[in-house]
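Encoded as structure tokens, the structure appears first; notes follow it.
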Amino acid sequence: MTSPANRDDGASGQARLPSSQLTWIADLPNPSLVALAISGSLRAASINSAFCRAAARLAAPPLQVVVFGELGQLPLFNPDLEADPPDPVVAFRQAVGKANALIIASPEYAHGISGVLKNALDWLVSYEGFVDKPIALVNASPRARHAFDALHEVLRTMSANILSEASVTLPLLGTCVTEAAMLASEEVSARIGRSLAALTSALTEAGRPGATFPVT
């Protein structure tokens, strides 16, 4: 069954690949660079999810942003399943491994990272394809420093490559909370564009275009 969020994504016309049909880079049109955008919220009206969709619309060649919208399908992390991980985990790891970079946008809950995002990251702790993965972090509310700082700490511990020049804090809460509003705002769309340009520059300067992890 298609969720409301999936229907909205299809209507907006941006690239989005469900895990059940994930063939990834081979199916994308001339994807010199692919960034996987991950929202740490399952809420239908999530500002962070809206940011990911707006980024997908604003990305300019050679960068293509693809939204991973299947985080809610991941089972609760269980180390006993690592030897033979469930299909949704395999698909998630494939997406992360094949992408040149990640864009992570997460809300703050009780001064911490959202449970759904922490669960997803736990599934990546032992995954070799995550090591040194370039990541741009998004903070949709300047007040949400606790989660943003906690996310930095978790990702550093996981040996991620956090790109400070491509990370961005935007005061979206209460003023610019939908994909359409972000695209219509000259200031917000310009700041998203600058973040994506910095991400593209960091990847190309580091020789990242061909540095995706082989996944079978």
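Let me make sure I get this right: for segment 69-108, a, b and c are the square roots of the gyration tensor eigenvalues over alpha carbons, sorted descending. Under 1.5 in a/c it's rounded, otherwise prolate if a/b > b/c, else oblate. Which is it?
oblate
Relative contact order, percent, of segment 135-200 when contacts are C-alpha pairs under 8 Å separated by at least 6 residues?
40 percent
Would you be so kind as to identify which of ALA184, PHE148, ALA206 lies farthest towards the positive end of the dipole of segment 90-216, taking Lys and Arg as +1 and Asp and Glu as -1 on Cβ and the Cα centre as origin?
Value computed over the given set: ALA206.
Test of understanding: what is the full-extension gain from GLN73 to THR178, defined as 0.36 nm times their sequence separation minus their Cα-Cα distance?
That works out to 35.4 nm of additional length.
Under unit Cβ charges (Lys, Arg +1; Asp, Glu -1), what dipole magnitude, rounded to 20 debye, does segment 65-216 have relative to its Cα centre?
Charge dipole, segment 65-216, about its Cα centre: 340 debye, nearest 20.
Would you mind ranking CYS52, CYS176 so that the residue whose beta carbon has the fewest other beta carbons within 10 Å leads the list?
So the residues, fewest neighbours to most, are CYS176, CYS52.
For ILE162, which sequence-distant residues (separation of 5 or more, or a different chain) have an amide H within less than 5 Å of its own amide H, given hydrogens modelled in the peptide plane?
The answer is ILE135.
Under 18 Å from a point 7 Å along the Cα-to-Cβ line of ARG43: which residues of segment 112-131 have their amide N that close?
112-119
Show me, for segment 120-128, the HN-Hα J-couplings you get by feeding each phi into the Karplus relation (A = 6.51, B = -1.76, C = 1.60, θ = phi - 60°), rounded to Hz, glycine and proline as x.
4, 5, 4, 5, 9, 4, 9, 8, 4
Please label the shape of segment 161-211 as rounded, prolate or oblate, based on the square roots a ≥ b ≥ c of the eigenvalues of the alpha-carbon gyration tensor (a/c under 1.5 means rounded; beyond that, a/b larger than b/c means prolate, else oblate).
Taking the square roots of the gyration eigenvalues as a ≥ b ≥ c, segment 161-211 is prolate.
Neighbour counts of other C-beta atoms within 10 Å: give me MET158, MET182 arranged from fewest to most.
By the 10 Å Cβ count, ascending, the order reads MET158, MET182.
Sort SER167, SER106, SER126, SER32 so the one with the fewest other Cβ atoms within 10 Å of its own Cβ comes first.
Fewest to most other Cβ atoms nearby, the residues stand as SER126, SER32, SER167, SER106.
How many times 2.2 N^0.38 Å is the alpha carbon radius of gyration of segment 31-126?
Normalised by 2.2 N^0.38 Å, the Cα Rg of segment 31-126 equals 1.10.
For segment 74-216, rounded, prolate or oblate, judged on the Cα gyration tensor with a ≥ b ≥ c (square roots of eigenvalues), a/c < 1.5 rounded, else prolate if a/b > b/c?
Oblate, since a/c reaches 1.5 and b/c is not below a/b.
With θ set to phi - 60°, apply the Karplus curve 6.51 cos²θ - 1.76 cosθ + 1.60 along segment 136-145 and write out the HN-Hα couplings as whole Hz, x wherever there is a Gly or Pro.
These are the phi-based 3J(HN,Hα) values: 9, 9, 10, 10, 7, 8, x, 6, 8, 6 Hz.
Count charges around ASP149 for me, please; just the other residues with Cβ under 15 Å from its Cβ, Lys/Arg as +1, Asp/Glu as -1.
Charge balance near ASP149 sits at +2.
Relative contact order (percent) for segment 64-160, with alpha-carbon contacts under 8 angstrom and 6 or more residues of separation?
Reported as a whole number, the value is 32 percent.
Using the Cα centre of segment 79-137 as the reference point, and only Cβ charges (+1 on K/R, -1 on D/E), how large is the resulting charge dipole? Debye, rounded to the nearest 20.
280 debye
In terms of modelled amide H atoms, which long-range or inter-chain residues lie less than 5 Å from the amide H of GLN64?
Hits under the 5 Å cutoff: LEU33, VAL34, ALA35.
Quick one: 3J(HN,Hα) in Hz for segment 60-77, Karplus 6.51/-1.76/1.60 with θ = phi - 60°, rounded, Gly and Pro as x.
10, x, x, 8, 10, 9, 10, 8, 8, x, 10, 4, x, 8, 5, x, 4, 4
Rule-based calculations on the coordinates, nothing more; no lab input. Because the structure is a prediction, the values reported are computed rather than measured. Cβ: placed from backbone, ideal geometry, glycine included. Neighbour counts: every protein chain shown.
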